[in-house]
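Trainee: Have a look at the structure that comes next, please.
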Amino acid sequence: MGKVLKNYKSTIILLGCVIIGAICGLIFKEKAEIVKPLGDLFLNLLLVIIVPLIFFTITSSISKMHEPKRLSKILISTIVIFLITSIIAVIIGFISAAAIDLVNPDDTAAIQEVFQEGTAEEVELNLLERTVSVLSTNQFVKLLSTDNLIALIVVSILFGIAINKSGEKGRKVAELFDSFSEVMYKLIGIIMYYAPIGLGCYFAALVGTLGSVIAVGFLKTFVMYLIVSLLFMFIFYSIYAYIAAGKKGIKAFWKNIIPSALTSLGTCSSAASVPVNIECTKKMGVPEDIAETTVSLGTSFHKDGSSIGSAFKIMFLVCLFGTSIVTFGDVAQIIGIALIATLLVTAVPIGGGTISEMLIITMMGYPVAALPILTIIATIIDAPATLLNVTGDSVSSMLVARIVEGKGWIDKNKNKASEPELKTIDTPVKEVAEEKEEPKATKAKPKNKNKKKKKH
């Protein structure tokens, strides 16, 4: 219990301050706006580091990548499975979030008045018309604005590739950017110490202005996400396990996934769950090389929980600002943005969440003042999202094993898994035998010495 409280300490403090802020907003109403500048301070601190954060972290990540000479069957299969399952997760997240109004439509007018921008008329979901303007800009100075985040990401990727291709001459630049990334990591850590106060004050002012409208929206979002995530895990992961190895796959998955699931909930960290997750995956019958490769890569590049979460964040803003979704293109854009946002969470180890949330806001055309709202959503869904992220890597490993080793992989590898156990049983026996022989040898030596003495 103590370890759980320790791991969730920051989350508990943050949620506690948000709840206190909400209560103060309900009690003091419009008077609570007096603390809004303290909330704006937190927002400004986040916004001011977004541009350098993206540039340094993404450039550093790309510059350190070493292109493999060839892609093995395992890696290709892993990438395909990750992509398919992520798309499914986003679609399920979108359908689930769209099935219910996370924010009451009657309250959107009041919300738009508070933010004073981002109305439904201003936000048009036409991806094709915005592609060029989103991906590029004609001035370098414009890259230093949060209005051109995608263009900044593109330039950062290209810059990282250029450093990687420069060989020895680019190594010093790569080391410099790696140092900058570490500094940005520390800076975010410092700023996040202020997060409970900043978000608490921001939420107090927001609830004081809008009443319980926004608070009810967060509660509905959490409950809906919790239901969807649990159903997704039990239904879709069972289907994935069945596709991988039939009824045996379902049995193997649910029999061995519990330690990994509990670790993810206890630590609230995908990275911290890797060792346990690999062991659980191997017990399912997945070969060691596939388990280690897929789970390790999955921690960075495959997060079903985050995919569903991105869809929920977008739909929350859609409800919040009263944006209409009419055409298939509108739906396709939301799904596409959710996928891209998830990839940024996974691909950028430092501050990926903040970057993805800003990306959602930018590409959807909403005001940056909505960033704390997405931050709160990310916080309240963190635990169930981590559960899906971790367990999803295990079941994905089973699908990869099915592709790589064929239909009967689970029986074949379970037989192999039993061999090391026999070795561990034989080892003590050998050691006991050796111990029994050693005394005989030591006793024999003195006898020989005595015989030699008699000769003399």
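Here, each number is a calculation from the coordinates, and none is a lab measurement. Quantities reported herein were computed from a predicted structural model and do not represent experimental measurements. Ideal geometry is used to build each Cβ from the backbone, glycine not excepted, and the neighbour counts take in all protein chains shown.
Trainee: Two decimals, Cα atoms only, Kirkwood Rh: what is Rg/Rh over the range 366-410?
Mentor: Over the Cα atoms of the range 366-410, Rg/Rh equals 1.35.
Trainee: Once label points are set 7 Å from the Cα along Cα→Cβ at both Ile157 and Ala98, what is their separation, rounded to one decimal in nm?
Mentor: Those two pseudo-labels are separated by 2.6 nm.
Trainee: In nm, what is the difference between 0.36 nm times the number of residues separating Leu26 and Leu187 and their Cα-Cα distance? Please list the in-between numbers first.
Mentor: Values: separation 161, 0.36 × 161 = 57.96 nm, distance 3.33 nm.
Once the chain is fully extended between Leu26 and Leu187, it gains 54.6 nm.
Trainee: I'd like the distance separating the alpha-carbon centroids of the range 167-210 and the range 358-403, in whole Å.
Mentor: 19 Å
Trainee: Determine the gain in length on full extension of the stretch Asp411-Ile84; use 0.36 nm per residue of separation and subtract their C-alpha separation, reporting nm with one decimal.
Mentor: So the extension gain works out to 115.2 nm.
Trainee: Same structure again: Along Cα→Cβ, 7 Å out, is where each label goes; now give me the distance between the ones at Ala332 and Glu288 in nm to one decimal.
Mentor: So the label points at Ala332 and Glu288 sit 4.7 nm apart.
Trainee: Given a Förster radius of 60 Å and the C-beta distance between Leu219 and Glu168 as r, what FRET efficiency does 1/(1 + (r/R0)^6) yield to the nearest 0.05?
Mentor: Efficiency for this residue pair is about 0.60.
Trainee: Which ³J(HN,Hα) values in Hz, rounded to whole numbers, follow from the phi angles of the range 243-253 under the Karplus curve 6.51 cos²θ - 1.76 cosθ + 1.60, where θ = phi - 60° and Gly and Pro get x?
Mentor: 4, 6, 8, x, 5, 4, x, 4, 4, 5, 5
Trainee: Sticking with this one: Spin-label point model (7 Å from Cα, Cβ direction): what's the Val141 to Ile12 distance in nm?
Mentor: 5.1 nm
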